[in-house]
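Data block below; observations after.
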Amino acid sequence: MRTNAPLVHCLTNTVVQSITANALLAAGAAPAMVDAPEEAGDFAVVASAVLVNVGTVHRRTAEAMRLAARSAWTAGTPWVLDPVAVGGLAYRTELAADLVALRPTVVRGNASEVMALAGAGGGGRGVDSTAATDDAVTAAAELAGRTGGVVAVSGEVDLITDGRRTVRVGGGSVLLTRTTGAGCALGALVAAYLAVTDDPLAGAVAAHAHVALAAERAAAAAAGPGTFAVAWLDALDGVDGDAVAGADLRAEDVRGAG
Amino acid sequence: MRTNAPLVHCLTNTVVQSITANALLAAGAAPAMVDAPEEAGDFAVVASAVLVNVGTVHRRTAEAMRLAARSAWTAGTPWVLDPVAVGGLAYRTELAADLVALRPTVVRGNASEVMALAGAGGGGRGVDSTAATDDAVTAAAELAGRTGGVVAVSGEVDLITDGRRTVRVGGGSVLLTRTTGAGCALGALVAAYLAVTDDPLAGAVAAHAHVALAAERAAAAAAGPGTFAVAWLDALDGVDGDAVAGADLRAEDVRGAG
Amino acid sequence: MRTNAPLVHCLTNTVVQSITANALLAAGAAPAMVDAPEEAGDFAVVASAVLVNVGTVHRRTAEAMRLAARSAWTAGTPWVLDPVAVGGLAYRTELAADLVALRPTVVRGNASEVMALAGAGGGGRGVDSTAATDDAVTAAAELAGRTGGVVAVSGEVDLITDGRRTVRVGGGSVLLTRTTGAGCALGALVAAYLAVTDDPLAGAVAAHAHVALAAERAAAAAAGPGTFAVAWLDALDGVDGDAVAGADLRAEDVRGAG
């Protein structure tokens with residue numbers, strides 16, 4: 001990651017653009033937020049990976065997302081779909097369904113979002129999941145089968161599957177849920193890791209492990225959610241590749257399944 | 001607040017979305033920024049409270065604000081209007097006048113903004129007030145009479161009135177004025193408190209007291225405006241309900257008026 | 001600066017609005033982000049200085065930028081153009097060429113951007129320069145000749161020229177490149193300094209020196225990019241005018257040229 005410094009093209013919500021860019025920089029990637037319809041399609045072609053996060057989507061950015069996802073799909077650029085609050089709101093739910101047809105390399109969401117996207121009901125409360133990660137196991141596998149890619153369900157323990165293999169990543173910190181954009185930044189880090197590996201499942205697992213390890217370090221140093229967010233960026237920078245590679249070897253967190 | 005975790009629907013300016021969301025999370029609420037016209041009206045119905053802040057408003061977000069405010073008004077959902085820089089700029093001044101007709105539960109602004117909204121002249125310098133809080137006493141009471149709600153005027157000492165009762169909240173820190181979005185986040189916290197009380201005046205006072213107490217704690221620990229903003233989020237999390245309830249009992253800060 | 005508290009009208013990208021506003025506040029200026037076409041032209045007239053940064057530009061904000069730049073030009077208000085990622089993307093490259101015709105007081109960018117804007121090729125990788133500062137010496141001088149203003153090229157050592165005089169500002173910290181928006185905030189600080197001096201070259205140099213000095217202080221205290229960004233805001237507040245005035249007297253960093 002730090003050697004290649006992949007260029008990650010982010011079409012993401014306006015609430016989290018800053019922490020997303022800072023998290024990518026801390027992890028060694030290069031962020032670029034380009035979300036004009038006039039530019040997004042062209043830029044997705046030159047980027048190393050693309051993130052599409054529908055958190056504050058509207059007409060113009062929806063158009064840019066469609067163009068960027070189509071470019072990524074055509075060019076073979078790995079791309080991540082983060083279906084924020086899909087299920088509860090019709091406009092973005094229709095958009096996300098269209099985007100799924102462009103075969104995202106990884107879908108990353110919470111249990112409610114993944115279930116809604118898979119057509120298994122769901123629909124959370126705003127950006128919060130009302131379902132547990134394990135409720136989404138079947139939906140995640142079904143969705144992965146449909147995209148031919150990977151589906152990652154974030155929760156207390158994260159579940160990551162390509163429909164055949166399933167990995168669980170534990171650890172992390174509850175303070176991640178009290179920091180705006182930590183989950184959205186995770187989606188961007190998944191995209192960054194996809195750019196430096198040929199195995200999307202391994203890339204998604206590495207991103208989740210990186211975030212969880214950094215969160216554990218930050219939580220140990222934090223006096224509250226403010227200092228946690230700052231320490232988390234420091235820790236994303238401080239965690240090295242060996243630690244990330246070692247993280248998913250923690251026996252109780254990794255299980256072959258499917 | 002922490003028990004109910006009210007869902008606060010924020011239509012706010014792009015500069016402060018991140019600190020607004022983080023302040024809500026720190027105080028125990030759940031933020032959701034949904035500002036597409038296709039979604040804002042529906043989402044305001046399911047939210048516990050709505051914030052409309054016109055800081056960087058433009059055509060699309062103005063339409064979303066009108067829809068969200070109308071939904072909130074129809075559904076009886078409490079909502080807050082923050083008339084940033086109203087008075088100085090015609091476009092947002094007209095929008096804010098229309099929104100006042102939808103009877104915001106609370107209007108929160110600085111003295112210049114409240115006076116402009118009440119039609120008493122005013123109009124500040126950008127986002128800064130050129131009038132003192134006490135200059136706005138009459139305008140605030142008149143505006144509260146017109147909306148049937150509460151008007152909060154932020155300043156060195158905050159003035160909060162429903163036209164019959166008036167409460168002043170002192171304390172806080174001058175560093176709040178050197179942190180982008182602290183005032184805007186206060187508007188969101190007012191909305192959060194409205195969701196957990198039946199008395200809008202008490203809710204607005206509690207939010208102001210919460211922010212002021214946290215600012216005092218943060219200022220004691222801060223080396224400058226950067227560390228202050230971080231410590232303020234920690235302190236918003238650390239202040240408990242008893243401290244907030246106690247704050248407005250500080251005799252010199254509370255005066256019945258009329 | 002701290003005495004005058006210049007009002008800086010920023011039309012800038014959505015990723016960096018928060019750190020830009022906080023950097024301006026820390027340095028003693030007053031930020032206002034107004035980017036609706038309905039308001040930008042009028043507001044540029046009352047502002048002390050204007051910043052136009054095309055980082056996430058799209059149709060609506062491009063229109064607002066044209067209106068604000070034209071107002072600034074007509075009213076004689078100093079204004080700064082930050083041509084983020086110009087050269088690589090056609091839409092913003094055309095816009096930036098049009099804006100150059102409105103004679104920005106200062107153009108601030110990296111070497112790739114300045115070379116692209118001067119028509120000397122270039123075009124970086126996303127927001128990153130693929131050229132060194134010294135590659136842009138000729139392009140910067142040529143561009144300054146065309147605008148009649150100043151061109152500042154950011155890099156390990158910054159190069160600032162009005163086509164006749166050239167100043168280099170060294171120091172700073174590599175951590176500035178790992179903090180989203182530090183370069184964009186520098187552009188805003190240049191605008192703030194232009195409002196309090198009649199010599200655009202001196203204003204631009206003072207802003208670069210202020211940022212570099214604050215970065216050195218922050219780097220000494222930082223444990224990583226997260227704590228650096230926070231400490232940098234503290235240090236922007238802590239650096240005083242004497243330190244800024246003294247910075248460009250450091251002999252090895254200042255050379256008369258041209």
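Counting only DSSP beta bridges with both residues in the protein assembly as shown, the antiparallel share comes to about 30 percent. Positive end of the dipole of chain B (Cβ unit charges, origin at the Cα centre): among B:Ala90, B:Val34, B:Val205, the Cα lying farthest that way belongs to B:Ala90.
Its residue count N sets the reference 2.2 N^0.38 Å, and the alpha-carbon radius of gyration of the range B:1-59 equals 1.10 times that reference. For chain A, the Cα-based Rg and Dmax, in that order, read 16.3, 48 Å. Working from label points 7 Å from Cα in the Cα-to-Cβ sense, the C:Ala75 to A:Asp134 distance is 6.3 nm. Which of A:Ser129, A:Ser18, A:Ser173 moves most in a GNM of chain A, Cα contacts under 10 Å? Among A:Ser129, A:Ser18, A:Ser173, the largest GNM mean-square fluctuation belongs to A:Ser18.
Label-point spacing at A:Val46 relative to the other copies reads 4.0, 4.0 nm, in ascending order, each point sitting 7 Å out from Cα along Cα→Cβ. Within the listed set C:Val244, C:Val174, C:Val52, the residue fluctuating most in the Gaussian network model of chain C (springs between alpha-carbon atoms under 10 angstrom) is C:Val174.
Evaluate E = 1/(1 + (r/R0)^6) for B:Asp98 and B:Asn4, where r is the Cβ-Cβ distance and R0 equals 45 Å; express this FRET efficiency to the nearest 0.05. That pair, B:Asp98 with B:Asn4, gives E of 0.90. Anyone know which of B:Ala136, B:Ala118, B:Ala243 comes out most mobile in the 10 Å Cα GNM of chain B? Maximum among the listed residues: B:Ala243.
Within the full protein context, the accessible area of A:Phe43 is estimated at about 10 Å² for a probe radius of 1.4 Å. Centre-to-centre, using Cα atoms only, the range B:203-244 and the range A:50-77 are separated by 39 Å. Beta-bridge orientation, chain B: approximately 30 percent antiparallel, per DSSP, counting only bridges with both partners inside.
Calculated FRET efficiency, B:Asp198 to B:Glu156, Cβ-Cβ distance, R0 = 22 Å: about 0.15 to the nearest 0.05.
Residue farthest toward the positive end of the dipole of the range B:7-253, with Cβ of Lys/Arg at +1 and Asp/Glu at -1: which of B:Ala152, B:Ala223, B:Pro104? It is B:Pro104, whose Cα lies furthest towards the positive end. Solvent exposure of chain A amounts to 34 Å² per residue of accessible area, where only protein heavy atoms count and the probe is 1.4 Å. Could you look at the protein assembly as shown and say what percent of its accessible area is carbon and sulfur, using a 1.4 Å probe and all protein chains? The nonpolar share, carbon plus sulfur, comes to 53 percent. When restricted to Cα atoms, the protein assembly as shown yields an Rg and a Dmax of 24.9, 71 Å, respectively. Start at zero, step by 10 Å, and the Cα-Cα distances of the range B:58-204 spread as 12, 46, 36, 6 percent across the bins.
With contacts taken as Cα pairs under 8 Å at a separation of at least 6 residues, chain C carries a relative contact order of 18 percent. In this Cβ point-charge picture (+1 for Lys and Arg, -1 for Asp and Glu), the range B:7-253 has a dipole of about 440 debye about its Cα centre. Only Lys, Arg, Asp and Glu carry charge here, each on its Cβ (+1 for the first two, -1 for the last two); on that basis the protein assembly as shown has a dipole of about 780 debye about its Cα centre.
The values are calculated or read from the model by the stated rules, or taken from the named source; none is laboratory data. What you are looking at is a predicted structure, and each value in this text was computed from that prediction instead of being measured. Counting neighbours? That spans all protein chains shown, and the Cβs are built from the backbone with ideal geometry, glycine included. Calculation scope for accessible area: heavy atoms of the full protein, side chains included, ligands and nucleic acids excluded. Shrake-Rupley method; radii C 1.70, N 1.55, O 1.52, S 1.80 Å.
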